[in-house]
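Read-outs throughout are calculated quantities, based only on the coordinates presented, and are distinct from any laboratory measurement. Fair warning: this is a prediction, and the values are worked out from it, not measured in the lab. No Cβ is skipped: glycine too gets one built from the backbone with ideal geometry, and neighbour counts run over all protein chains shown.
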Amino acid sequence: MKPFYIDYPQEKIDEHQHAYRCLHCKIPTTIIFGLLENHAEHCDYRIHESKWTQLAVKRRPYKTHFDEPHVDEVD
Ligand SMILES: [Zn+2]
């Protein structure tokens, strides 16, 4: 899981000189602050990124196999 989500598509907010917002949910970057949960719930970027996060969490259970050597193979 990424600590900060800053690779979302952004667009300039016309009314503000140096302000940007998420292209999908139109929430300003100053409010999102690099956090996925600060995007709107319907935001395409948030939905896309949460899918990957869930996939990463859903790992297969790790299984170990012990190959026991046959020690009683003596003539
Ligand atoms: Zn967004």
Tally Lys and Arg at +1 and Asp and Glu at -1 over the other residues with C-beta under 14 Å from the C-beta of Ile47: what net charge comes out?
-2
Charge tally in the Cβ shell below 14 Å around Glu37, where Lys, Arg are +1 and Asp, Glu are -1, Glu37 excluded
0
Residue by residue through region 11-21, which ³J(HN,Hα) values in whole Hz follow from phi under the Karplus form 6.51 cos²θ - 1.76 cosθ + 1.60 (θ = phi - 60°), with glycine and proline marked x?
9, 6, 8, 4, 5, 10, 4, 10, 10, 10, 9
Nitroxide proxy distance, nm - points 7 Å out along Cα→Cβ at His48 and Tyr20
1.5 nm
Cut-off under 5 Å, modelled amide H: who pairs with Tyr20 long-range:
Ile13, Thr29, Thr30
Tally Lys/Arg at +1 and Asp/Glu at -1 over every other residue whose Cβ is under 15 Å from the Cβ of Tyr5; what's the total?
-1
For Gln10, the residues 5 or more places away or on another chain with a placed amide H closer than 5 Å to its own amide H are Leu23
